[in-house]
1. Quick check on my filter: what residues within the stretch B:31-43 are over 20 Å from residue A:51 (Cα atoms) and either hydroxyl-bearing (Ser, Thr, Tyr) or surrounded by fewer than 19 Cβ atoms within 10 Å (Cβ to Cβ) (or both)?
2. Among what's in the stretch A:5-25 and is of a type in the set (Ser, Thr, Tyr) and surrounded by 18 or more Cβ atoms within 10 Å (Cβ to Cβ), pick the residue that is farthest from residue B:56 (Cα to Cα).
3. Evaluate the stretch A:31-39: report whether one residue or more is more than 13 Å from DNA strand D (Cβ to nearest atom) and either free of Cβ contacts under 8 Å to residues at least 12 places away in the same chain or touching a helix residue (DSSP H, G or I) at 6+ places or on another chain (Cβ under 8 Å) (or both).
4. Mind checking which pairs have a first residue in the stretch A:50-62 that is facing another protein chain (nearest Cβ under 7 Å) and touching a residue at least 40 places away in the same chain (Cβ under 8 Å) and a second that is more than 13 Å from DNA strand D (Cβ to nearest atom) and of a type in the set (Val, Ile, Thr), Cβ under 7 Å, 6 or more apart or different chains?
2 protein chains.
Amino acid sequence: MNYSTQYIAQQLKKSRENLGLSQRELSARAGVPQSHISKIESGNVDLRLSSLVAIARALELELALIPRKYVSAVNSIVGSAGSETSGQPPRPAYNLDG
Amino acid sequence: MNYSTQYIAQQLKKSRENLGLSQRELSARAGVPQSHISKIESGNVDLRLSSLVAIARALELELALIPRKYVSAVNSIVGSAGSETSGQPPRPAYNLDG
DNA sequence: CATTTTGATGCGTTATACCATATCAATTAA
DNA sequence: TTAATTGATATGGTATAACGCATCAAAATG
């Protein structure tokens with residue numbers, strides 16, 4: 001819906017894809033129905049904190065409240081790279097078939 | 001209710017107090033009724049993402065999803081000190097009248 | 001003291017997240 | 001081609017967040 005909730009939704013989707021999980025696999029891990037995950041990722045659901053935490057945890061993510069003055073510092077650590085652990089080998093961002 | 005949602009609630013409360021805001025002042029800033037803020041801070045409400053973001057923003061906080069392997073690094077930056085900017089001068093944690 | 005501010009609580013209503021379940025088109029695998 | 005798998009979507013029911021509004025006791029303030 002609004003700006004930053006959309007952003008959160010996209011982060012969840014990216015993280016799931018980086019882990020090579022299907023929505024149904026994530027559903028099983030997080031205990032949230034696949035249909036709901038779909039809605040959440042598409043960004044038109046104002047999900048509850050419990051759902052957010054459950055899904056985040058299943059994606060090896062932790063929810064945090066960062067004082068605004070530290071956000072850039074935190075970003076430089078996290079590198080806006082969404083947890084590229086395990087799962088399918090992460091494809092490179094470039095493409096040799098130019 | 002559960003563990004980490006309780007923690008979020010406490011963070012919000014601490015941040016508000018550190019800024020020297022009353023629940024009603026925060027209510028005006030965040031556009032969330034005082035009665036609801038009270039419930040949220042007491043930890044027995046599973047609030048929605050939009051509410052969380054609205055309140056966090058009014059407290060100079062930003063919501064973030066941190067990959068688990070980076071949480072300790074992030075914590076060492078933020079220092080688990082909840083944004084002690086502006087507002088009433090922060091009282092010292094000690095007390096000279098022993 | 002009297003007054004104001006503060007956080008907590010209650011109630012009735014509305015909006016909507018959440019669930020189970022099912023279906024479907026498009027993709028991917030056999 | 002046939003058979004999974006995947007993401008999106010629909011329906012109907014339940015749970016509950018969120019609202020406005022009011023009230024209250026305790027604490028702070030004058």
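Nothing in this text is a laboratory measurement; each read-out follows from the coordinates by a stated rule. Owing to the predicted nature of the structure, the values given are computational and were not obtained by experimental measurement. With ideal geometry, Cβ positions are generated from the backbone for all residues, glycine too; neighbour counts draw on all protein chains shown.
1. B:31, B:33, B:34, B:35, B:38
2. First, the residues of the stretch A:5-25 that are of a type in the set (Ser, Thr, Tyr): A:5, A:7, A:15, A:22.
Checking which are surrounded by 18 or more Cβ atoms within 10 Å (Cβ to Cβ) leaves us with A:5, A:15.
Values: A:5: 12, A:15: 23 Å.
My answer is A:15.
3. In the first step, residues of the stretch A:31-39 are kept if they are more than 13 Å from DNA strand D (Cβ to nearest atom); the result is A:31.
Add one more test, that the residue is either free of Cβ contacts under 8 Å to residues at least 12 places away in the same chain or touching a helix residue (DSSP H, G or I) at 6+ places or on another chain (Cβ under 8 Å) (or both), and what stays is A:31.
Yes, because at least one residue in the stretch A:31-39 is more than 13 Å from DNA strand D (Cβ to nearest atom) and either free of Cβ contacts under 8 Å to residues at least 12 places away in the same chain or touching a helix residue (DSSP H, G or I) at 6+ places or on another chain (Cβ under 8 Å) (or both).
4. Within 7 Å, the pairs are A:60/A:85; A:61/B:66.
Yes/no matrix, rows are residues, columns are (1) more than 10 Å from chain A (Cβ to nearest Cβ); (2) of a type outside the set (A, V, I, L, M, F, W, C):
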position	(1), (2)
B:5	no, yes
B:25	yes, yes
B:35	yes, yes
B:40	no, no
B:47	no, no
